[in-house]
1. At 7 Å along Cα-to-Cβ for each site, give me the label-to-label distance between L81 and E68 in nm.
2. Given the Cα-Cα distance of T99 and R27 and 0.36 nm per residue of separation, how much length would full extension add, in nm?
3. Which GluC sites (Glu not before Pro) in region 78-126 pass both tests, a DSSP loop state and at most 10 other beta-carbon atoms within 10 Å?
4. Taking 0.36 nm per residue of sequence separation and subtracting the Cα-Cα distance, how much length would be gained by fully extending the chain between R170 and R113, in nm to one decimal?
5. For the chain, modelled as a GNM with alpha-carbon contacts under 10 angstrom, which of N91, N12, N121 fluctuates the most?
6. Once fully extended, how much extra length lies between Q124 and K137, figured as 0.36 nm per residue of separation less the alpha-carbon to alpha-carbon distance?
7. Got a sec to turn the phi values of region 96-104 into Karplus ³J(HN,Hα) couplings, 6.51 cos²θ - 1.76 cosθ + 1.60 with θ = phi - 60°, whole Hz, x for Gly and Pro?
8. Along the Cα→Cβ direction, 7 angstrom out, place labels at M159 and Q3. What is the inter-label distance in nm?
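The values are calculated or read from the model by the stated rules, or taken from the named source; none is laboratory data. The structure presented is a predicted model; accordingly, all values stated were derived computationally and were not measured. Cβ sites come from the backbone with ideal geometry, for glycine too, and all protein chains shown count toward neighbours. Accessible surface areas use protein heavy atoms only, side chains included; no ligands, DNA or RNA. Shrake-Rupley method; radii C 1.70, N 1.55, O 1.52, S 1.80 Å.
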Amino acid sequence: MAQESWQFGPANGTLTLHTGVTGPASRTGHRLTIEMQQWSATVTLSDGVPSDVSASIDVDSLTVVSGEGGVTPLTGPEKSLARSNALKSLNASKSPTITYEAASITTIEAGYRLDGTLSINGKQRQHPLDVEVADEKRTATIETTVSHRDFGLKPYSMMMGALKVDDEVRVTINVELPSDD
C-alpha cells in the first residue's frame, strides 16, 4: 500500500467564514466575510485515496475582510472592532485553536464524506464534511454550517439583543490539489 501526505494552508487555499445578522435591528448590522489567515490541513492518501484528514486553525488569525448591509459601509475601525468582538465570542484567549479530525472517509458522488470531530472552545462535536473534488480544476471545496451554541459560544449581540450575529456561521474551504506529476 503506497502512502503519501498532502499539506494544505493559506499558500494554496482559503478558509472563509460568512456571518448573518438577526433581530429587530438586523438591517443596521453587517453580514461579515471573515478569513482565517493561519490554518493547516494534512491529508494522508493510501493508494491515491484519502485515508486520514486532520486540520488546525489559529483563531487569532481571524481577519474581517468585508461587511455587506448595514446603514453605512464597514470602515477599517469597525472591522477591527468586529474582529475583537468575534475573538471574544470564540473565547480565543482560552481556546486559541480549532481542530478537526476525520474518523472515517467514504467516497461519494462528488468526492468524499469525512465523518469526524470538530473541536471549538474546548467542546467536541461530531461534524460530517462533504468534500467536492473537481478533478479538471484540481480543486477541493467544503461548505458547511457551524452553530455557535453547539460549542457553548454565545453569538455577539448589541442594543440589548436587537441586533445579533446569527447562531449559524457558513464556512467555506477551497484548496488547490497537488498536480498528478
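1. Going by the 7 Å Cα→Cβ label model, 2.3 nm.
2. Details: separation 72, 0.36 × 72 = 25.92 nm, distance 3.34 nm.
Once the chain is fully extended between T99 and R27, it gains 22.6 nm.
3. Numbers: sites: E78, E101, E109; in loops: E109.
Answer in residue order: E109.
4. Values: separation 57, 0.36 × 57 = 20.52 nm, distance 1.78 nm.
Contour length minus the Cα-Cα distance gives 18.7 nm.
5. Sorting by GNM fluctuation, first place goes to N12.
6. Values: separation 13, 0.36 × 13 = 4.68 nm, distance 3.35 nm.
Extra length available between Q124 and K137 comes to 1.3 nm.
7. x, 10, 10, 10, 9, 10, 7, 8, 8
8. 5.5 nm
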